[in-house]
Each structure stands twice: as C-alpha cells, then as structure tokens.
Amino acid sequence: MALVMLKNPTVPEHGWLALVRAVEHLAAAADLAAIIAIVRDTARAISGADGVCFVLRDGDQCHYVEECAVSPLWKGKRFPLTTCISGWCMLNNQPAVIPDITLDPRIPHDAYRPTFVKSLVMMPVCTTEPIAAIGMYWAETRTFGTEDLALVEALGRSISAAIAAVDLRESLVESERRLAMALDAGGLGAFELDLATGELIATAAAKAMFGHNPSAPFTRADLLAAIHPGDRDAAAQLFEGGRGRDKAYRLAGSERRLELRGRVVIDAAGAPVRVTGVVRDITERHQTKQRLESLRAELFHVARANDLGTMASALAHELNQPLAAASNYLHAAERLMARDPAQALSAITKAEAQFVRTKDIIQRIRGFVGQGRGERKPEDIERVCGEVLELAHMTSRFDSISMVIKIDTGIAKVEIDKVQIQQVLFNLLRNAVEAMGASSTRRVTISAGCEDGMVKIAVADTGPGLDPDIAAYLFQPFHTTKEGGMGVGLSLCRKIVESHGGRLWHEPGNPGATFAFTVPLAH
Ligand code: ADP
C-alpha cells in the first residue's frame, strides 16, 4: 500500500492537521489507554468518518474497547475473530475497504443492521503481529481512492509505532524492576559514574551502604569521603576509570566494609567513558571470616596441646638430660673453684651450654603450641622439617616408626609462617603414623623438592592407604574414620596451605598414602 504524500490536493487540509497533532500526542502516550483515547478523539477528524471504533484482539475474540460515533456501535462487545470484519483484518493483516456493506460477504449483517453504517474501512494495527484494528464507518455508501486511505493508513502506522514504544517502555520498566529485585535479593546496590561529567547515579541501597541519605544527591566526592582514608586512593583510581575494581573497602569512622565490583566501559577509541558496578556490604562476611580464622587457630591449638599432653614424659626426659648435665657441671665447678679456677670456668661454660639447650627445647615447644600469627619469613625447609621430627619423637606414638627425610639440595628458603607450616607437617605425620598402626612396615618419608616455582613437601607412609568411604570427603571437616577423631585436621591443613598460596592434596601410594603440599619459595 503506497502512502500518499502530504499536500495531496484531494485530502482535506484539516485532516492532515489533525493527523499531525495526533502523531505528536501518540509519540508522548504513556500507555495503551492513552493511545486509545487519542484514537477516539482524533480518528474521526482525520478520516472524516461518522464513527470510529478501536478494537483489541483478545485471544480468539475481538474486543470493541472504544468508539466515537454519531450513534452507538459496539463499544464493550466481543465477537469471535472469525465472524467480524476487524477479526478478518487482524487475521489477514491487511485493511478491509468496503464501499457498500450490503455487497460484502465478510460483513455480519445482523450486527450491522441496527447501526447507521453503510460503508467502512478497517485498518490493522500491528507490532510484531496484528494486535488491534481501527474501524472507520460512514453513514452512506461511498468509494475510497488511494488518497482517501492515506490518512487512515498513516494513523494506523503511527498507532502501531506508539504501541511498540509503549511495549518497549513497559518491558524496560519491567526489566529495571527485575534488576532492582535481583539487586535487592543479592543485597547489592548499583552505581554508574559518567567519567566525562563526573555525574554519579547510585541506587538508594548503594547510597545507604555508604552511610548516605538514600533520597539525597550523591556525588563522587561524597562517595570517596565515605571511604576510609587508607583505602581512598584505591577507590579514587577505580572512579577515574583505572584499576581498583573488585576490592573490599573500609568505610571511614566505622567497622563496616563494602565490596565494590566495578567495570570500566570504554568507547570505540578505547578511552574509558563510564564506570558501572555493584556494591555489597561485606561487614558480616568479613567478621565471620575473621571469627573462622581465629576458631581455626584455636582448634589447631587445642589439637597441639593434646599432643603436648602425650609428650609430657618424653619432654621431662628430654629436659632432664641437659638439666642433669648442667647440674653436674656446676657441682664440679664448685669443687674445682678453689683448686683449679680455669677448670671450674670450663665446667661453668659447659653447664651454660646445657642451659641453652634446655631453653631451645622449651622455645621450640612454645612455638609449636602457639597459634601462628600468619607472619611469613624466609625459613630453611630442612630446619622446619627437622624440628617437627624432633618433636614427633617425643611422643610415644612415634616409637618404632622409621622416619626418612629427603630434602633436595639447593632449595632456597621458603616464605612461610613457620609455626603454621610445622603444624601442617605434624598433622600429616600424625595421620601417617596413626594409619600405620597395624602395618608390618612402619615408615614415613618426608621429602621436599622444587616444583613449578614452589617447594613441594610430601609425607608418604606405608599404611593401608585411604579408606574409600572417606576419599570423597577427605578435606571436608568432621569426616573421620577414627574413633575419637575430629576430622578437622586435613581441612585446616589445606586452609593454612592455601592461605600461603599453595595447594594440599592426596596421592595414592604403593602401599600407603602420600599427602603433599606446596609453599612459596622466599624471594
Ligand atoms: P582425623 O585425623 O581427626 O580423622 P583428618 O582430617 O586429619 O582428621 O583426617 C581425616 C581422615 O582422613 C582420617 O580419619 C583418615 O580416615 C583419613 N586419613 C588421613 N591421613 C591418612 C593417611 N595417611 N592414611 C590413611 N588415611 C588417612
């Protein structure tokens, strides 16, 4: 169907003007009701008809929702799509132009008989498919030229466009509502910063998280001021389109922490234009994590203290030796003092050396039952392993176990919290020894070597290997095959190793089990 150009001389001037006004109103229509009202108020002036109807498709029915006519037509009525002319028009997606209704077989004559209608034009209104129709009716039979149809056709297209725009706006509002719901459900706030203008748009939830009045304006400066001075530079970098995304920030003057996940949007030339992102209050998560950390250290501490109990007699024995030796040297020194002061001095020096040995032992034990503060220093791996073995020998359950230690030469120092890594090693050793209770060969091999820029430490035993029932849950807390076991050792060990940037895993041995972990080399 050709659209006739404006200024066609056969079309009355006031019809064009009415159409232009209608198009303006349609462009601003907020919803379908507004569009229908515009059609009702303008379609007659545009078409010169004696009556107009707006018909909506409702499933397999035509619903005559609105009309404006010299006498009543079908407002409020519904007819099956297949029995009325508006239905024909929507089903075929084309206008119906009927100069004389008595001659057209598509007309349901019973419905038209009581009305003034003698001729009509029905225009489909189509978005993705026909969803409505506008009927224009005349009280006399008449013929319609292309020119006559131009205005109603233009009106039909404008209405289609207006409905599509309303649909789009509604789906936009709907998707914004969904986004808001999703943000709400995830406890998230959202923000967007225009890097050119510095304008910051933030959701009410985001403002509240920054301690700002949700209904007050919120600027980049407000946001930065809310962040702890120590973290402000990093946040400023993010809001300048630089790095610093996906980071936790402390808030100024409060214990609270927010996580900002930002994304810098760049233009075609690669220049940053916008920063968009979400913000989440992670205070509780952070506190829980801290509580967990200290609980973990506490648990390990308890486990170590238990081991210390079993060590008590061996410990007494270990300390007795240097103390008895020191005491002997001192007695000798006392005797020699008058006779041979040089010999006496030498005896005192030897006594001193024994005291130093005692002090060493006590310090090592103190370190071992301590909680480890997460401070990492370069440590000598041989010494770390040696001290653990020394302590292990003090507990009776390590009796009759042969311990082999194989450290590759040339390993530089490792960067670790010694207490924590010794606890891991001790735990693996203890598991190995406990697993070998009934084994005829009872040997534990501790080996260390470089692998992929890390140092790999492995504890291999000659026990029966893993119980298949535990394999899947090995690193999950509270899974144990031991009577009286807590089943937390391995999961804690893995956490400690991971906090060092390493991994801890199980390798089946032949026979037995091997547990290996990696720790970083010292720089
Ligand atoms: P617990 O020692 O309290 O059971 P762990 O987390 O240290 O807790 O160990 C979990 C389980 O893993 C143990 O109960 C045991 O079944 C299995 N396991 C650990 N080390 C070994 C090993 N070297 N050989 C065989 N099984 C092991």
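The values are calculated or read from the model by the stated rules, or taken from the named source; none is laboratory data. In this text, all values refer to a predicted model and were calculated from it rather than measured experimentally. Because the Cβ atoms are built from the backbone with ideal geometry, glycine has one as well, and the counts that use them run over all protein chains shown.
Some values worked out for this structure:
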quantity	calculated
Subset of the range 483-503 (residues that are within 11 Å of the ligand (Cβ to nearest atom) and surrounded by 12 or more Cβ atoms within 10 Å (Cβ to Cβ))	G485, M486, G487, V488, G489, L490, S491, L492, C493, R494
Of all residues in the range 436-459 being over 19 Å from L492 (Cα atoms), buried (at least 17 other Cβ atoms within 10 Å of the Cβ) and small (G, A, S), the one that is farthest from the ligand (Cβ to nearest atom)	A448
Matching residues, the range 213-237, being aliphatic (A, V, I, L, M) and not in a helix (DSSP H, G or I)	A216, I227
Given (1) modelled with pLDDT under 95; (2) among the acidic types (D, E); (3) within 23 Å of G48 (Cβ to Cβ), number of the condition D100 does not satisfy	(1)
Verdict on D469 being more than 7 Å from the ligand (Cβ to nearest atom) and farther than 30 Å from H523 by Cα	yes
Yes/no for E255 being surrounded by fewer than 19 Cβ atoms within 10 Å (Cβ to Cβ), more than 17 Å from the chain's Cα centre (by Cα), over 29 Å from S499 (Cβ atoms) and modelled with pLDDT under 90	no
Output for the range 128-140, where each listed residue is within 12 Å of A49 (Cα to Cα) and not hydrophobic (A, V, I, L, M, F, W, C)	G135, Y137, E140
Condition met for H63 (farther than 21 Å from T141 by Cα and modelled with pLDDT of 95 or more)	yes
Of all residues in the range 110-145 being polar (S, T, N, Q) and within 60 Å of the chain's Cα centre (by Cα), the one that is surrounded by the most Cβ atoms within 10 Å (Cβ to Cβ)	T127
Residue ID - nearest to the ligand (Cβ to nearest atom), chosen from residues in the range 414-427 that are closer than 14 Å to R503 by Cα and touching an Asp or Glu at 6+ places or on another chain (Cβ under 9 Å)	I421
Test: I405 is assigned to a strand (DSSP E or B), within 16 Å of the ligand (Cβ to nearest atom), among the hydrophobic types (A, V, I, L, M, F, W, C) and under 20 Å from E507 (Cβ atoms)	no
